[in-house]
Number of protein chains: 4
Amino acid sequence: MRAVLFAGDGEVRVDAVSDPGIEDATDAVVRVRRAAICGTDLHAVAHSAQLPRGFVLGHEFVGEIVDAGSGVLGHRIGDMVVGADYTACGNCWWCRRGDHWECAERRFFGTGSAFGPPLAGAQAELVRVPYADTVLRAVPDGIGLDAAVFLGDTLATGYAAVRRAGFRPGDTVAVVGGGPVGQLTSLAAQACGAGVVVLVEPVETRRALAAAQGALGTDPDDARALVDLVTDGRGADAVVDAIGGPRGLETAFGLVRRRGAVVSVGVHTDATGPLPAARAFADELSLRFVIGNLMRDADELIGLVRSGAIDPTVVATESVPLDDAPNAYRRMAERRTLKSLIAL
Amino acid sequence: MRAVLFAGDGEVRVDAVSDPGIEDATDAVVRVRRAAICGTDLHAVAHSAQLPRGFVLGHEFVGEIVDAGSGVLGHRIGDMVVGADYTACGNCWWCRRGDHWECAERRFFGTGSAFGPPLAGAQAELVRVPYADTVLRAVPDGIGLDAAVFLGDTLATGYAAVRRAGFRPGDTVAVVGGGPVGQLTSLAAQACGAGVVVLVEPVETRRALAAAQGALGTDPDDARALVDLVTDGRGADAVVDAIGGPRGLETAFGLVRRRGAVVSVGVHTDATGPLPAARAFADELSLRFVIGNLMRDADELIGLVRSGAIDPTVVATESVPLDDAPNAYRRMAERRTLKSLIAL
Amino acid sequence: MRAVLFAGDGEVRVDAVSDPGIEDATDAVVRVRRAAICGTDLHAVAHSAQLPRGFVLGHEFVGEIVDAGSGVLGHRIGDMVVGADYTACGNCWWCRRGDHWECAERRFFGTGSAFGPPLAGAQAELVRVPYADTVLRAVPDGIGLDAAVFLGDTLATGYAAVRRAGFRPGDTVAVVGGGPVGQLTSLAAQACGAGVVVLVEPVETRRALAAAQGALGTDPDDARALVDLVTDGRGADAVVDAIGGPRGLETAFGLVRRRGAVVSVGVHTDATGPLPAARAFADELSLRFVIGNLMRDADELIGLVRSGAIDPTVVATESVPLDDAPNAYRRMAERRTLKSLIAL
Amino acid sequence: MRAVLFAGDGEVRVDAVSDPGIEDATDAVVRVRRAAICGTDLHAVAHSAQLPRGFVLGHEFVGEIVDAGSGVLGHRIGDMVVGADYTACGNCWWCRRGDHWECAERRFFGTGSAFGPPLAGAQAELVRVPYADTVLRAVPDGIGLDAAVFLGDTLATGYAAVRRAGFRPGDTVAVVGGGPVGQLTSLAAQACGAGVVVLVEPVETRRALAAAQGALGTDPDDARALVDLVTDGRGADAVVDAIGGPRGLETAFGLVRRRGAVVSVGVHTDATGPLPAARAFADELSLRFVIGNLMRDADELIGLVRSGAIDPTVVATESVPLDDAPNAYRRMAERRTLKSLIAL
C-alpha cells in the first residue's frame, strides 16, 4: 500500500510499504477514506527524535473495515468507522472510568514512540487498529466523511476541554488559540451552553473564521479588554488554553475571573510551569489538563455532529489526494492552511 | 394608574385603579415598560373561581424602579429590571436551596388566590414588588425590553425544563406542545447541548416556527415515527411535556426511550395521573415536574439571551398598547396569535 | 455438578445436573464459592409461570474462574470474581452509557424467562457466564467472600438507588422496607453523605437491625411523624421505595418533601401505578426507577466495601451448605431469616 | 465588654473595650457563647503587619442575637446562631453563585486588614455582624455549642475541600496535614463517600487522632507507599492540601494518581508556586483552590453534624474561659494543643 512516511530531516514523503494485517484477535484493518493532518504530526516531523525514518504518519482517520480478528464483536467488515487517535483496552480500571488515555495498552497512531510504544499511522491506504471494538466507532448515516474525520481527535479534544471546564449555561468562555482545536473548542462551547465565546488569536484570518462561526475574535493584546467588556469586568468564567506551553497558561490565567477555571488542551513539555499561587489561592482558581477521548465521548460527539449542532468541516481548508500530502504538510507548517484533509 | 383588570365572566377590561405604593421596607414599585400575556392569564380569566372582579392581571413584566423601601439594597431608583412571576423571601431554607417556588412568602402576581395569597398583577402602569432584591433582576445593556420580558416566566420555564431533564450533549430531546413555553424549551435545549430537538404540535404554523428555529416539527400522530428515525428506534433521550394534563404525560411517555427522562412543565390539576408503572420500572424511567424560576436561574438566562444564544422574541406575535390588551387576550385565546406583548 | 433447582409447585430441590461449559469465546465458567438467596428467587419459585422444572436457580454469586473462552481478555483461570446478576455485551450504545440493563444481550441468571431469554443460575457448583469481561469483576484482597456476594445485586441495587436519588450531603433519606435491599440502601446512603436515614418497616427485628447500623427505624404508621420531627416538618429530601408495588410508591410519596425525589427499586408489575399528579406538579416532585448494576458501579462498590465504609454482611442471617438450600429458601420465605448465603 | 486583643509583638491579652452596636440596618449584635482559636489567628498575631494593637481577634463563633437592625428579617433576638468567618452581601452576582468569598462586601472578622477592610473579631463577649441574614445561620436543636462553633470555618473549610475534590464514592482520598482542618477534611470525606482516607502528618498524636476517627495515618515519608498499597499502585484519587505553601502542593502532587485532583485549602503567599507542567498535562491532572463557605454550605453542614455523620468536637483539645485565652493561644502555637475553644 501507499502511505505518508517520515523521510527524516523534517520531511515527509509518500511511498509504498507492506500492507498491515491482523496480528491479534481484537484487531481490525481499516481501508482509510479520509485522513487529516494534525499539528501533532507537524511537531513530530519537525522534532523527530522519537520517529524512525519510514514510519507511517497520521492518527486522524475514517474508513471501511476490510478485515477483523475473531475477537471483534461490535463491528463487521464493510462498516464505515472513525478511529480514536490512540488505543486502549476498553476493560481495565482506567478504561472503565472513561480514562482511556491512562490505559496500559495506549499506543498513539503514527507518532513513533512519543506517547508509548510505536503504532503505524493512518495516513495510508490501510491501517491496523488494535482493540477495534473500543478504538473504532461506527459512523452513522448523516455524517459525511469530511466531518467524521474530525471526531477522533480535533473535535474530541475541543469537546473534552468544554466538558472539563464545567461552565454553566450562559457563561463567558475564552479560547486561547485559533488553530483547528481552538476553533472546534469554540463551536463545542457554543453548542454546549456557552454565552459569549471569545477566541484569542494573533492571525487575522483565524479570528475571522471564529467570528463567522459565532465567536468574538480578538488579538491577544486586546483580549482582556474585550473579555472585561462582555463580563462587566469580571473576566471569563472559563478559559481553554489551546496552544500549550507557559504562554498558553499565562494568557489563560490573565483572562480568567476569580473562581474561574482554566483548562489546558495544549501540549506542555516543560517540567515546571507557571502557577500564580497566591492569586490562585485568594481567587479560588482551578486548573485542569485534559486530552481528547473519542472512546469515552463518541456518542455525544456523534449526536452533536449528526444533528448539525456542530459542523467541524468549517476548519478544513483543503482536501488533497494521498500523493499531495507532503505539500499539504508544508502549507500547514507555513500556516498557509488551517487544516488539510487527505481523501483516498 | 391604568391596568388590565378581570371583568368577570371570562372577560378583561382596562380601567383606572389606584396606584400601588411601598408597603414593606423590602418592596419596590416598578413602572412597567413591557408586560406579556401568558396562557396562565387566559386560564385564570376563563376559570375565574379564584379571581375577584377588578383584580389586576399579569405576571410577566419589565420596567423601571420608581420607588423602593429602605430595605432594598441591590437595586436603585431608575434601574431597569425584570420580575419573576412570583415572589419569595430569598433567605429561607427553600430559597437558599434555589427552590423559591416552595417559599412560604410565595405570591403569584395577577392570578388571584390560585397559587397563594393574592398579589396585584403587572399588566399595569405600576406594580408593587415584594422582596425586590430577590424578585427583581437588573436587565443589562444588550438585552432589549421585548426579549427581557420573557426572562421572568416563559423562558425561565423552558430553561428549567431543560436543566431538570439533565440530558447529555448530543441527545435527542422531544418537546410536547408548540406554545410559547414549548417553543422556548426548544431554543433552550438547542442552546444547552441538545442534538436533534423534535417539537410535537398539531398546529402547522407552530410547527413551522419551531422548524425555522432549528427543531424538527411534527404532528402528534407522526411523532413517534420521527423520533424513532432520528434515534435509531430508541426513542427520545428526554421529553418535555409543555402542555400538561394526562394527555401531556401520556404523549411524553410514548416518546421517551428506556432509561429516559420525562419532564413536565405543564399544569396538572387531576389528583391522580397516568403512570405506566410496570414499564417505568422495567425501563428505569424518570418523571420530574418543575416550575420556572428566574430567581435561581437569572444569571444563566441573562447570559444566554445577552449573547444571542437564545432569542426569545421569535415567539412574540404582536406588541400592543395597554388599551388594546383585551383584544390581544381574545386573539391569543382564539389561537390567532402565539404570544402578545403589551408595550407601555 | 449439584445445583439448586426449581422443583415445581413452589418448591426447590438440590440435585445433580450436567456441568456447564464454554459455549462462546467470551464465556467463562465459574466454580461458585458463595451464592445467596434473593427475594427475586423466592418470587420466581412462588410464581413460577416463567420457570421450567429443573431450572438452576440463583443470580448472586462469587467464585473462581475455572475455564475461559479465547475472547476473555480481562480475567484468567484462578481469578476470584463476583458476577453481576444479569449479562450485557459491554460494548453497545446502552452499555457504553452505563445502562447495561437495557442491553439486547441481557440474560438474568436463574430466573427462567422472566427478564429475557433464560440463563442457568448460580446456586450451583458451576455457572457459565457469558460476556465474562463485562459481567465478572475481580474481588480484590480485603473483601471476604461473604461480603463480595452482595456486590452483584443486593448492594448494587441499594447503591443504585442512592446514586439515582441525587441527594445532597446532610440530607434526610427515608427507605421504605427493611429487607436486604432496604437495609443496604440505608448503609449506602449513610456512606454516601446522607444525614439522618429513616427506615420504614413493620417487622421489629428489621427495624432493630437498621437502628444498630445507624438508621432510625420506624413502623409505617409512625413514619411521617418521625420524618417530620427530623426535618422540621418538611418531609424527607429523598425516599427510596425498596418494596415496590402501589404500596411502595404511595408510602414513598407520603414521606417525601416538596421538590424531593422518590426512587423506586422495588418491583412493579401493574400496568398503571399511583401518581399524585396535581401534588407532584405543585410540589415539583420527581420519581425515578432504577435497577442495580454491578457492571457500571463495581469500582465504586468495591472501594466502599474494601475500605469498610459499608459492611454488607450485617444482613446475612445464616450461611448454609448447598444441600441445605431448600430449607434456607423456606426460612426466608417465612421471614424467619433476612438473607441466606450458600457456602460451597 | 471584655475581648481578646492583639497586644503587639506576637502577644495577645484580654481587656475591656467598648461594646459594639448596630451600625447598619442589616447588622446584628451577637453575645458570644463559644469562640475558637484558629491557625489563622496564630498566624495573624505572629505576622502582625496588618493588625493594629488593640484589635479584637477571632472569627469562629456561636452565640445569641441580642440586637438586630430593622433590615434583619431572617433572625430574631434570642436566636442561637453560628457566624461565617467573613461577611458577604448575599445578593450580588458572586453571592448568588455561592461565591461569597468574592463579594465586594467581604470583611474577615478579627484579622485586621489581611483579607479586606478590618472588622472587629469574635473572641469577645459581643460581636457586631454585618449582613446578618446572610452571615449568621440558626443553630438547630441537636447541635451543641461545642460542635456548632466548628461550622463557620474549620468544618466549612474541610467540607469545601471535599466538595471541590469531586471524588466518587469509594475513592481513596489523601489529606496532607493533620491540623484541625485536615482532621475535619478527613471526617467530611468519610461522611461524603470516600473509601480509604489517608492522613499525612509528621506528629504522632495527630496521626493517632485521625486513625481513631477512621482514617489511616502516615508520616510524610511513608505516605506514598501507603497510598500505593491501598490503591494498587495508582495513587490517591484526590488529595487535599491542608497545609499550604509549596510544600503542601508538592506533597499533594506526589500522592495523586493520573487524572486525579489536588485541592488546596492551605494558605499560599508566594507569587508563584510549583506546577509539574509536563506531568500534569500527560496525566490530565487538576488543581483547585477553595475557601470554606458557611453561607453557601450551612444547610449541608448542619445536616451532617445534627445527624451525627460528622462530630467535629473530636479535634477540640480544651475549652477555656475568656480570660485564659492568651494561654490557650500559647499552647496552640507550641503545638501542645490541637484546637482550643473559648467558652463564655
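Compare the peptides A:269-275, C:164-170, A:123-129 by average per-residue count of other Cβ atoms within 10 angstrom and give them in order, highest first. Before the final figure, lay out each step's value.
Working: A:269-275: 17.1, C:164-170: 21.3, A:123-129: 25.7.
Ranking, from highest mean packing down: A:123-129, C:164-170, A:269-275.
Taking the Cα centre of each part, how many Å lie between the stretch A:156-182 and the stretch A:1-78?
Their Cα centres are 29 Å away from one another.
At 1.4 Å probe size, with the rest of the protein present, what percent of the exposed accessible area of the protein assembly as shown is carbon and sulfur atoms?
Values: 21690 of 45480 Å².
Reported share for carbon and sulfur atoms: 48 percent.
With every protein chain kept in place and ligands, DNA and RNA left out, what is the accessible area per residue of chain B? Probe 1.4 Å, answer in Å².
33 Å²
List, shortest first and in nm to one decimal, how far the label point of D:G78 (7 Å from Cα along Cα→Cβ) is from its counterparts in the other copies.
Ordered by increasing distance: 4.4, 7.5, 8.3 nm.
Quick one: net charge around C:I22, please, counting Lys, Arg +1 and Asp, Glu -1 for every other residue with C-beta under 13 Å from its C-beta.
Value of the local net charge: -4.
Partner chain Cβ atoms within 10 Å, averaged over the residues of A:266-272 - can you pull that number for me?
5
For the stretch A:100-105, in order, what is each residue's ³J(HN,Hα) by Karplus, 6.51 cos²θ - 1.76 cosθ + 1.60 with θ = phi - 60°, in whole Hz (x at glycine and Pro)?
Ordered by residue, 3J(HN,Hα) equals 4, 4, 8, 5, 5, 8 Hz.
Quote the Stokes-Einstein diffusion coefficient, in whole µm² s⁻¹, for chain A, based on the Kirkwood radius over alpha carbon pairs, a temperature of 25 °C and a viscosity of 0.890 mPa s.
Estimated via Stokes-Einstein, D reaches 121 µm²/s.
What residue of chain C sits with its beta carbon nearest the rotation axis taking C to A, and at what distance in whole Å?
Nearest Cβ to that rotation axis, in whole Å: C:G71, 2.
Ranked highest first by the average count of other Cβ atoms within 10 Å around their residues, in what order do B:215-221, A:86-92, D:218-224, B:151-157 fall?
Per-residue mean Cβ counts within 10 Å order the peptides as B:151-157, A:86-92, B:215-221, D:218-224.
Going by a 1.4 Å probe on protein heavy atoms, which residues of the stretch A:152-184 end up with at least 50 Å² less accessible surface in the whole assembly than in their chain alone?
Those residues are A:R164, A:R168, A:P169.
Could you work out, residue by residue across B:104-110, how many beta carbons of other chains sit within 10 Å of that residue's beta carbon, and then give the average as an integer?
0
Using a 1.4 Å probe on protein heavy atoms, which residues of the stretch D:65-81 have at least 30 Å² less accessible area in the complex than alone?
Output list: D:L73.
Which order do the peptides D:233-239, A:203-209 take when ranked by the mean count of other beta-carbon atoms within 10 Å per residue, highest first?
D:233-239, A:203-209
Can you pull the mean other chain C-beta count within 10 Å for peptide D:301-309?
That average works out to 6.
Volume per residue, Å³, of the convex hull around the alpha-carbon atoms of the stretch C:156-289? Could the numbers behind the result be given before it?
On the way: hull volume 12.3 nm³, N = 134.
Measuring per residue, one finds 92 Å³ for the Cα hull of the stretch C:156-289.
Provide an ascending nm list, one decimal, of label-point separations from B:D24 to the equivalent residue in each further copy; define each label point as 7 Å from Cα along Cα→Cβ.
2.1, 6.4, 6.8
Restricting things to alpha carbons, find the Rg to Rh ratio for the protein assembly as shown using the Kirkwood radius for Rh.
0.96
Report, in degrees rounded to the nearest 10, the 0 to 90 angle that the Cα long axis of helix C:245-255 makes with the longest principal axis of chain C.
With rounding to tens, the tilt is 40 degrees.
Ignoring ligands, DNA and RNA and using a 1.4 Å probe, state the total buried accessible area between D and A in Å², rounded to the nearest 100.
4000 Å²
Which value in deg cm²/dmol, rounded to the nearest 500, describes the helix-derived mean residue ellipticity at 222 nm for chain B, given -39,500 (n - 2.57) per DSSP H run of n ≥ 4 and division by the residue count?
So the helix-based figure for chain B works out to -8500 deg cm²/dmol.
So what's the net charge close to C:Q213: Lys and Arg +1, Asp and Glu -1, counting the other residues with Cβ under 13 Å from its Cβ? Intermediate values should be presented prior to the final figure.
Numbers: positive: C:R206, C:R207; negative: C:E201, C:D311.
In short, 0.
Give the angle, between 0 and 90 degrees and rounded to the nearest 10, that separates the Cα long axis of helix B:294-306 from the longest principal axis of the Cα atoms of chain B.
Helix B:294-306 and the main axis of chain B meet at about 80 degrees.
Under the convention of a label 7 Å out along Cα→Cβ, give the distances in nm from A:G308 to the same position in every other copy, shortest first.
Ordered by distance, the counterparts are at 1.9, 6.0, 6.1 nm.
How high is the relative contact order of chain B? Use alpha-carbon pairs under 8 Å, at least six apart in sequence, and give a whole percent.
On the way: 847 pairs, mean separation 60.2, N = 344.
About 18 percent, as a whole number.
Taking only Cα atoms, what is the 0 to 90° angle, nearest 10, from helix A:220-230's long axis to the longest principal axis of chain A?
Tilt relative to chain A: about 60 degrees.
Give the distance, in whole Å, between the Cα centre of the stretch D:300-325 and the Cα centre of the stretch A:279-315.
Between the Cα centres of the stretch D:300-325 and the stretch A:279-315 lies a distance of 43 Å.
The values are calculated or read from the model by the stated rules, or taken from the named source; none is laboratory data. Not measured: the values here are computed from a predicted model. Ideal geometry is used to build each Cβ from the backbone, glycine not excepted, and the neighbour counts take in all protein chains shown. To get the accessible areas, we keep the full protein, side chains included, count just its heavy atoms, and leave off ligands, DNA and RNA. Shrake-Rupley method; radii C 1.70, N 1.55, O 1.52, S 1.80 Å.
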